[in-house]
Structures are given as C-alpha cells and as structure tokens.
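In what follows, a structure is listed as structure tokens, so that the remarks can point back to it.
The values are calculated or read from the model by the stated rules, or taken from the named source; none is laboratory data. Computed from a predicted structure; not experimentally measured. When we count neighbours, we look across all protein chains shown, and the Cβ atoms used for this are built from the backbone with ideal geometry, even at glycine.
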Amino acid sequence: MTLYIIIILVSTVIIAVPNAIFRPGGEPWYMYLIMTVAAVAASLLIDGIVAFVGRRLPKKWMNPNKKIFHTSDREMKFYEKIGVRKWKDKVPELGGFTSFHKNKLSDPWNNEYVERYMLEACYGVIIHLFSPFFGFLIVLLDYKMYTGWSWMWLTIMIPVAIVNAVLIVMPAFILKYNLPKLKMLWDINMKNKKKREEQEFIF
C-alpha cells in the first residue's frame with residue numbers, strides 16, 4: 001500500500017506542477033492544482049464504485065473455467081517477462097473488504113478454501129480489468145469542454161487516468177498469473193481425496 005500511495009502522490013505532483021507553471025488554456029495556476037487533485041479523487045471514487053458493483057455480480061459468472069479467466073501460455077510468458085513474481089508482493093491486496101485475503105494461501109490442501117480463493121480471484125480479475133476503462137470518465141470533469149476550448153482533459157485528466165489504469169490493472173495481472181496454479185492445486189487435492197476414499201473403501 002505504501003508503494004501505491006507514493007506513486008499516486010508523485011504522479012499527482014508531476015502532473016499538477018507543469019500544468020500550474022505553463023497554464024495550458026490560460027486558467028489561473030491554482031485551478032490546475034485543484035483539478036489534478038479532483039481528478040485523482042474522482043479516479044479513486046470510480047474505482048470504488050466499480051469494485052462495489054462488480055463484487056455483486058452473480059457467483060455463477062465467476063467460473064474460473066470461463067474463457068475470460070483462462071491464462072494462455074503466451075499470457076503467462078508476458079507476466080513472467082514483466083516480472084510479476086518479483087513485484088506481486090508489493091501490490092496492495094484489499095481482500096479485507098470481503099474478509100478473504102488473497103496475498104497468501106493459508107489452507108492450500110482444503111479444496112473448499114481453494115474454491116473460495118478462485119472465486120475471489122475471478123471477482124478481482126473482472127473488477128481490475130474493467131475499472132481502468134471507466135476511469136477515463138474523469139475527462140468529463142473538464143468543465144470548459146462544454147463551453148469552449150480547454151486542455152485540461154488532455155494535460156490532466158488523461159495522464160491521471162493512465163496512471164490509475166496502470167495501478168489498477170496490476171492486481172489483475174497477479175490474479176491471472178495465479179489462477180492456473182490454483183486450478184492445478186484444486187486438481188491435486190481432488191486426486192488425493194479420491195485416493196483416500198479408495199483406500200478407505202478397500203479397508
């Protein structure tokens with residue numbers, strides 16, 4: 001969480017200060033600071049709304065075997081190339097909001113737990129893949145778009161939306177990277193369960 005907060009603060013400064021100095025569109029310098037902060041706040045609000053709505057989608061849609069949750073070999077190579085394994089522990093995990101944390105496997109040999117983990121991972125993939133698109137709605141904050149010429153949508157809103165998109169999509173990469181391993185673990189647990197049942201039947 002600390003890393004994300006630092007990135008957000010630094011990005012806000014990098015976007016706000018040049019706008020306040022060069023004032024594209026001729027607005028008072030302080031308006032660029034206000035609009036940058038407003039854009040960041042709006043992005044966080046939109047992310048929260050998408051998460052709230054997404055988490056209430058029917059459970060039957062969150063089947064890890066659906067195509068949207070499938071991770072191809074090419075996709076896995078992409079995740080490995082961008083070093084998901086190295087930075088995944090630095091990305092904040094907000095499972096506490098659903099009373100289920102996904103930052104570690106606490107009961108890997110329990111398939112009920114693994115199934116719940118996959119369910120939460122599927123919800124996370126949907127939320128974190130769709131949220132970046134909705135995040136670009138912040139361009140509507142540029143009030144001068146409706147009455148005249150303005151650059152704020154381009155020099156403030158779009159950069160903020162891009163930073164938000166990168167930060168919000170990273171958890172989706174982690175979840176899609178982990179889903180094949182969870183499915184494999186589920187299969188192993190099922191095989192072990194079947195063996196135990198067969199042994200019990202013999203005795």
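Of the residues making up the range 1-56, those that are under 25 Å from Phe130 (Cβ atoms) and touching a Phe, Trp or Tyr at 6+ places or on another chain (Cβ under 7 Å) are Ile46, Val50, Gly54, Arg55.
Pairs are defined by a Cβ separation below 9 Å, a sequence spacing of at least 6 or placement on different chains, a first member in the range 132-158 that is farther than 19 Å from Thr12 by Cβ, and a second member that is aromatic (Phe, Trp, Tyr) and in a loop (DSSP other than H, G, I, E, B); the pairs so defined are Lys144/Trp151. Remark: Ile5 matches the filter, which requires a residue to be more than 30 Å from Met184 (Cα to Cα), out of contact with any strand residue (DSSP E or B) (no Cβ under 9 Å at 6 or more places or on another chain) and at pLDDT 90 or above. Among the numbered conditions (1) in contact (Cβ under 8 Å) with a residue 60 or more places away in the chain; (2) exposed (fewer than 13 other Cβ atoms within 10 Å of the Cβ); (3) not basic (Lys, Arg); (4) not in a loop (DSSP other than H, G, I, E, B), the only one that Trp109 does not meet is (4). Pairs linking a residue in the range 187-198 that is under 14 Å from Glu112 (Cα atoms) to a residue that is surrounded by 12 or more Cβ atoms within 10 Å (Cβ to Cβ) and at pLDDT 90 or above, with Cβ atoms under 9 Å and 6 or more positions apart or on different chains, are Asn189/Asn110; Asn189/Asn111; Asn189/Val114; Met190/Asn111; Lys193/Asn111. From the list Ile168, Ile138, the lone residue that is more than 20 Å from Lys59 (Cβ to Cβ), assigned to a helix (DSSP H, G or I) and in contact with a Pro (Cβ under 6 Å, 6 or more places away or on another chain) is Ile168.
A quick yes/no check of all residues on (1) modelled with pLDDT of 95 or more; (2) polar (S, T, N, Q); (3) out of contact with any helix residue (DSSP H, G or I) (no Cβ under 9 Å at 6 or more places or on another chain):
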| site | (1), (2), (3) |
| --- | --- |
| Ser99 | no, yes, yes |
| Trp109 | no, no, no |
| Val114 | no, no, no |
| Tyr117 | no, no, no |
| Leu137 | yes, no, no |
| Trp149 | no, no, yes |
| Pro159 | yes, no, no |
